[in-house]
Structure formats: C-alpha cells, structure tokens
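See structure below.
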Amino acid sequence: MVNIHGLRNVRSCFFQTFISYQMKKLLYTLAFQLLVLAAHAQEVQWVKGIVFLNQSLQSIPLEIPGVMNPKLVPMSQSTVDIPAGTTIYFFHKKNRYELITIKPGMEKRIVVNELINQRKQALKLEK
C-alpha cells in the first residue's frame, strides 16, 4: 500500500526545492545585471564645456552621435557637454569623416574650421 502522505511530502519537498533554486537563480541574475549597469554608469565620463568655434564665413554641419547634430553658423561658438570617447564627424561632399574623438583632459576650445582643413589635408580631400 502506498502512503499518500509520504508522496505529498516528497512532491512538496521537490517543488519547494525547485522554486527555491529558481528564486536563487533569478536573484543572482538580477544582482549581476545591477552590477553590470552600475559599472557601465561609472564608465561614462562627461567632458564638460567644450567650445566649438567656427571662424569661417560658412556654416559647418557636424554629427555628434548620441548628443546632437549641430550646424555651426558662421563666426560663432557653441558650448556642449560630451561623453568621453565620443567621435565627432564632419561632412564633405555628402560623405562623413572623423573629425576628432573627445578625451578627458583635452583642450576644450576647438576651432572647427581649422581642424576640418587639417583633416581634409590629411585625408587628401579636395577643398
């Protein structure tokens, strides 16, 4: 004869163990994800107060991924906060080229039109 109460206890114990294991697994997964997110949040370092100067008589469109796509008007300056490691692009004949990568401790005053001319020469682009 089978002891019904014994089967219930075994089944109950199995489910409690299974649920306990699943809860532990879930809690460890959540804790790991929180650690990853916290580490990622600490990695992002902002470079504050970068000044873009346009000393030319032409508008200069730029692309700053994740921040904005400004169009620097002639004879102007624009101040912006950018995460370190962000690459800024300029356009030449509808093609996008790397202008500069933002690094902590770099010069915060960037004369964009002069930098673009230097990059065009380095890339051997026509003016």
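Laboratory data are not the source of any read-out in this text; all were calculated from the coordinates shown. Since the structure is predicted, the reported quantities are computational estimates derived from the model, not experimental observations. Note that each Cβ is placed from the backbone with ideal geometry, even for glycine, and that neighbours are counted across all protein chains shown.
Here are the numbers for the structure shown:
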| item | result |
| --- | --- |
| Selection within region 78-89 - touching a residue at least 24 places away in the same chain (Cβ under 8 Å) and surrounded by 15 or more Cβ atoms within 10 Å (Cβ to Cβ) | Ser78, Val80, Ile82, Pro83, Ala84, Ile88, Tyr89 |
| Residues located in region 57-77, provided they are touching a helix residue (DSSP H, G or I) at 6+ places or on another chain (Cβ under 9 Å) and over 24 Å from Glu126 (Cα atoms) | none |
| Count of region 69-86 residues which are within 18 Å of Lys48 (Cβ to Cβ) and part of a strand (DSSP E or B) | 7 |
| Residues of region 90-107 classified as assigned to a loop (DSSP other than H, G, I, E, B), touching a Gly at 6+ places or on another chain (Cβ under 8 Å) and not hydrophobic (A, V, I, L, M, F, W, C), total | 1 |
